[in-house]
Amino acid sequence: MKRFLFALFALMVSMPSLSAAEKSAPKESEAYKFADKLIKKMTLREKIGQLQQFVPKKGVVTGPDGGVENIEESIRQGLVGSFLNIRSTKRMHELQRMAVKESRLGIPLIFGFDIIHGCRIIFPENLAMSCSWDIEAIERSARIAAAETAAIGIHWTFSPMCDISADSRWGRVSEGSGEDPYLGAKISAAMVRGYQGKDLSADNTIAACVKHFAAYGAPQAGRDYHTVDMSRFMLIDRYLPPYRAAVEAGAVTAMSSFNDFEGVPASGNRWILHDLLRGELGFKGFVVSDWNAVHEMVAHGTAANGKDAARQAMNAHLNMDMVYGDYIKYGEALVEEGEVSEKTINQLCREVLAVKYQLGLFDNPYKYGSQNKSEVIYRAENLEFARELAAKSMVLLSNNGVLPLKEGVKIALVGPLADNARSQLGSWRGFGEAKRSVTIREGLEARFGKDNIFYAKGCDFRNAIEGGIEEALRVAENADVVLLSVGLSHKESGEATSLTDISLPAPQQALLDALKGTGKKIVVLLGTGRAMDIRNEVEKADAVLLTWHGGTMEGPAVADLVSGDKNPSGHLSISFPYCVGQLPLHYNMKMTGRPRKSPQHNSKYLSRYTDAPNEPLFPFGYGLSYTEFEYSDLKVVTPNVSMGGTVKVRVKISNTGQCAGEDVVQLYVRDLVAETTRPVRELKGFERVSLAAGESKIVEFKIPTSDLAYCHSDLKVRADSGDFLVWVGADSNAKLQGKFAIR
Ligand code: BGC
């Protein structure tokens, strides 16, 4: 029985990690001292100015109703603290000069931009990267992005997106790390470390932003910007860990989400922005709203007008108003009328100034953008790394032996993504340039020789093209194998791209069917930013390689894998559903009162569909290789662990196939009896292991009991004593099982 609660332990797990707080403490307190001194010299209007972010009329527009006129005058008068989405270094420096030289107090501006998966060099979309399960590599990608971003003159990225999502109707799944809180937490912390480095004031680091706080990844029915209806319990138990990890890694900014929570839009929700983010997670930086999200409280129907919206947001502890301008329009009046206290404004302002100080902007406001760009941007070793990461992110979903291709093979390369320099960059491509993309066609030509690649586009993403199929059939005639590069374009990935049908668009299915008719072997290269319903393609193709939107170096990475120069090693961070009706779908579903114990267990009165399986087509964690891995000898080294101790589990993994390869060894647990319902399985450890053919290794997992903490009905996160099952294997259906207990 596990009813014994450990109060002290509970306190420990619900507190931000001390080491993170300690690390940044001296710089932070110095920054606050500086800010407090400066605030004493500021007028109320100037203080509110620091809380306003604008996008210039000619800036990149990533939402409705953007763009201010007269930005020069606003800067001179100190009515703006930040801009987003300016692309030109020269322009940023001009505006900075105005702020520093021509405004009364010379407070520098902070420039933000969405650098989500790379700046100039574009890495695979985030969901794809997360399928590498390579935390160091993901951190490195963020570090490279930060250096390139800083060299362009930008101080601040709106990343990482920490929103867990299990619903691929929502286009923004591409921006996150999939459905799992444990993997998501490791990745969001790594990205913060990558962006911010050890010294935020260095000229190759930038400020990170934990977004979208909170629960943005669960809009009803997968429709972007739609209502989120979630309990505090669910938020804390499942959705919070990636945000928490990013805060603990030291992220200095956060972004409020568009959605409501418990009926109150996040941007005006004091429980979300103050009690939870600052109180519970220990966040110390500043919060920016999402694009117009303050003013959108009027459309939500929880604010009467812009002034009321600004009042609610300021009192909820939202520091900076992105784009719309309600803060600067109404801030002074709100203070004069006693609706917002000047003390509140001081608090909001000091947190903004402190971040500017930490970035070193008061020392040298032009430092960012003054680096020698050619030394930082598109570095050869970084391009090579992008190629490696793209290959590690790709997931081999099926293969009847057609892959890897034989040397000298003649390839028909067909499909709308085969030579599509723009789409491979995916959504939010930052400063990525299609002209620098190496397409799949180019990658294959370089690897197999131009004479061996016969290319035809075949069709557009959602439209047939005249003569397209005929041309595809012609090129297939001369080939030994068809590589069919199909999927969704970058325009169907990311923000505002919700879909109700996530199967391959009809013209592309028709192309597959026509090619299938030739009797040639077909390899589907699936490019997408979301999980899709690909039953049809899996059935018809000889192999399916999920290439995602693989970024600048996608082409060479595909060539590396299909040639067998590299062995596929990506594993899904999101379940591929059997059909759209299963969504949202995730492996870590809760136990129910009427679980179906196996697909054969078919009584009517069980939690199941009558027209489709409960199981996904491909489960979380899944991914094939050209070699075979065998798992054996699972040993729970510590069958009984005391609270505060460490569970140790060992397993042997052997490469029993013909070539070297890497696998992601995954450990899952189930808490058998808990105070609140627990998932059927939860990921609690993973390790990427590299093995030569015939080689074996012992992998040992060490799981502190604090990692087994969960949310109780009093909304506190703590671990209990009790019994657990544990599984280790190569996906979330891992079969090797053991058990342990916390005593
Ligand atoms: C998105 C944010 C993004 C912001 C600024 C919004 O529409 O939701 O993720 O950071 O625009 O571009």
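The values are calculated or read from the model by the stated rules, or taken from the named source; none is laboratory data. None of these values were measured; they are calculated from a predicted model. For neighbour counting, all protein chains shown are included, and Cβ atoms are generated from backbone atoms with ideal geometry for every residue, glycine included.
Restricting attention to the stretch 468-497, the residues that are surrounded by fewer than 20 Cβ atoms within 10 Å (Cβ to Cβ) and under 20 Å from MET161 (Cβ atoms) add up to 3. Taken together, the criteria place ALA266 among residues that are crowded, with 24+ Cβ neighbours inside 10 Å and within 16 Å of the ligand (Cβ to nearest atom).
Among the conditions (1) within 15 Å of the ligand (Cβ to nearest atom); (2) not in a helix (DSSP H, G or I), ASP229 misses just one, which is (1). Of the candidates ALA303, ALA309, ALA313, the single residue that is assigned to a loop (DSSP other than H, G, I, E, B) and not basic (Lys, Arg) is ALA303. Pull up the stretch 36-59, narrow it to residues that are among the aliphatic types (A, V, I, L, M) and touching a strand residue (DSSP E or B) at 6+ places or on another chain (Cβ under 8 Å), then point me to the one that is surrounded by the most Cβ atoms within 10 Å (Cβ to Cβ). Per the stated criteria, the residue is LEU51. For ASP180, the criteria (1) more than 16 Å from the ligand (Cβ to nearest atom); (2) touching an Asp or Glu at 6+ places or on another chain (Cβ under 7 Å); (3) not aliphatic (A, V, I, L, M) hold in every case but one, which is (2). Across the stretch 563-600, the qualifying residues are those that are among the hydrophobic types (A, V, I, L, M, F, W, C) and out of contact with any strand residue (DSSP E or B) (no Cβ under 7 Å at 6 or more places or on another chain), and the one among them that is modelled with the lowest pLDDT is MET591. Taking strands (runs of 3 or more DSSP E) as the structural unit, those lying wholly within the stretch 693-743 and holding at least 2 residues that are among the small types (Gly, Ala, Ser) correspond to 722-729, 736-742. Does GLY81 satisfy the condition of being at pLDDT below 95, more than 24 Å from the chain's Cα centre (by Cα), crowded, with 18+ Cβ neighbours inside 10 Å and not aliphatic (A, V, I, L, M)? When the stated conditions are applied, GLY81 does not pass them. Only a single criterion out of (1) without any contact (Cβ under 8 Å) to a residue 60 or more places away in the chain; (2) surrounded by 24 or more Cβ atoms within 10 Å (Cβ to Cβ); (3) within 15 Å of the ligand (Cβ to nearest atom) is not satisfied by MET320, namely (1). Considering the stretch 541-571, and only residues there that are among the hydrophobic types (A, V, I, L, M, F, W, C) and assigned to a loop (DSSP other than H, G, I, E, B), the residue that is farthest from LEU525 (Cα to Cα) turns out to be MET553. Within the stretch 521-530, is even one residue more than 16 Å from the ligand (Cβ to nearest atom), of a type in the set (A, V, I, L, M), in a loop (DSSP other than H, G, I, E, B) and in contact with a strand residue (DSSP E or B) (Cβ under 6 Å, 6 or more places away or on another chain)? Looking for residues that are more than 16 Å from the ligand (Cβ to nearest atom), of a type in the set (A, V, I, L, M), in a loop (DSSP other than H, G, I, E, B) and in contact with a strand residue (DSSP E or B) (Cβ under 6 Å, 6 or more places away or on another chain), one finds none in the stretch 521-530, hence no.
Within the stretch 62-110, being polar (S, T, N, Q), under 19 Å from ILE48 (Cβ atoms) and either out of contact with any strand residue (DSSP E or B) (no Cβ under 8 Å at 6 or more places or on another chain) or within 16 Å of the ligand (Cβ to nearest atom) (or both) holds for ASN70, GLN77, SER82, SER103.
Does the stretch 423-434 contain any residue that is under 26 Å from PRO619 (Cα atoms), in a loop (DSSP other than H, G, I, E, B), in contact with a strand residue (DSSP E or B) (Cβ under 8 Å, 6 or more places away or on another chain) and not hydroxyl-bearing (Ser, Thr, Tyr)? Yes, the conditions are met somewhere in the stretch 423-434.
Among (1) in contact with a Phe, Trp or Tyr (Cβ under 9 Å, 6 or more places away or on another chain); (2) within 16 Å of the ligand (Cβ to nearest atom); (3) assigned to a helix (DSSP H, G or I), which single condition is VAL192 missing? Of the numbered conditions (1) in contact with a Phe, Trp or Tyr (Cβ under 9 Å, 6 or more places away or on another chain); (2) within 16 Å of the ligand (Cβ to nearest atom); (3) assigned to a helix (DSSP H, G or I), the odd one out for VAL192 is (1).
For every residue, the table says whether it meets (1) out of contact with any Gly (no Cβ under 7 Å at 6 or more places or on another chain); (2) β-branched (Val, Ile, Thr); (3) part of a helix (DSSP H, G or I).
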site: ILE272; (1), (2), (3): yes, yes, yes
site: LEU276; (1), (2), (3): yes, no, yes
site: PHE283; (1), (2), (3): yes, no, no
site: ALA293; (1), (2), (3): yes, no, no
site: VAL298; (1), (2), (3): no, yes, yes
site: TYR327; (1), (2), (3): yes, no, yes
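Residues are listed down the side, and each one gets a yes or a no for (1) more than 30 Å from GLN96 (Cα to Cα); (2) touching a residue at least 12 places away in the same chain (Cβ under 8 Å); (3) assigned to a helix (DSSP H, G or I):
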residue: LYS367; (1), (2), (3): no, yes, no
residue: ALA412; (1), (2), (3): yes, yes, no
residue: ALA418; (1), (2), (3): yes, yes, no
residue: ALA446; (1), (2), (3): yes, yes, yes
residue: PHE461; (1), (2), (3): yes, yes, no
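Can you confirm whether SER603 is more than 27 Å from the chain's Cα centre (by Cα), at pLDDT below 95 and farther than 30 Å from LEU396 by Cα? Yes: the conditions hold for SER603. Out of curiosity, is ASP163 more than 16 Å from the ligand (Cβ to nearest atom) and not β-branched (Val, Ile, Thr)? Judged against the criteria, ASP163 is not a match.
Of all the listed residues (VAL402, VAL409), the sole one being modelled with pLDDT of 95 or more, in contact with a Lys or Arg (Cβ under 6 Å, 6 or more places away or on another chain), aliphatic (A, V, I, L, M) and over 30 Å from GLN50 (Cβ atoms) is VAL402.
Just one residue in the set ASP203, ASP237 is away from the ligand (no atom under 16 Å from the Cβ), part of a helix (DSSP H, G or I), over 16 Å from the mean Cα position of the chain (by Cα) and among the acidic types (Asp, Glu); that residue is ASP237. Selection of first residues in the stretch 161-179 that are under 18 Å from MET230 (Cα atoms) and touching a residue at least 24 places away in the same chain (Cβ under 8 Å) and of second residues that are buried (at least 24 other Cβ atoms within 10 Å of the Cβ) and acidic (Asp, Glu), restricted to Cβ pairs under 6 Å at least 6 apart or on distinct chains, gives the following pairs, ordered by first then second residue: ALA166/GLU179. Here the condition is being under 21 Å from VAL523 (Cα atoms), touching a helix residue (DSSP H, G or I) at 6+ places or on another chain (Cβ under 6 Å) and not basic (Lys, Arg); of LEU318, LEU405, it holds for LEU405 alone.
Yes or no, residue by residue, for (1) modelled with pLDDT under 95; (2) surrounded by fewer than 23 Cβ atoms within 10 Å (Cβ to Cβ); (3) among the charged types (D, E, K, R):
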residue	(1), (2), (3)
LEU277	no, no, no
GLU280	no, yes, yes
ALA293	no, no, no
ALA299	no, yes, no
TYR324	yes, no, no
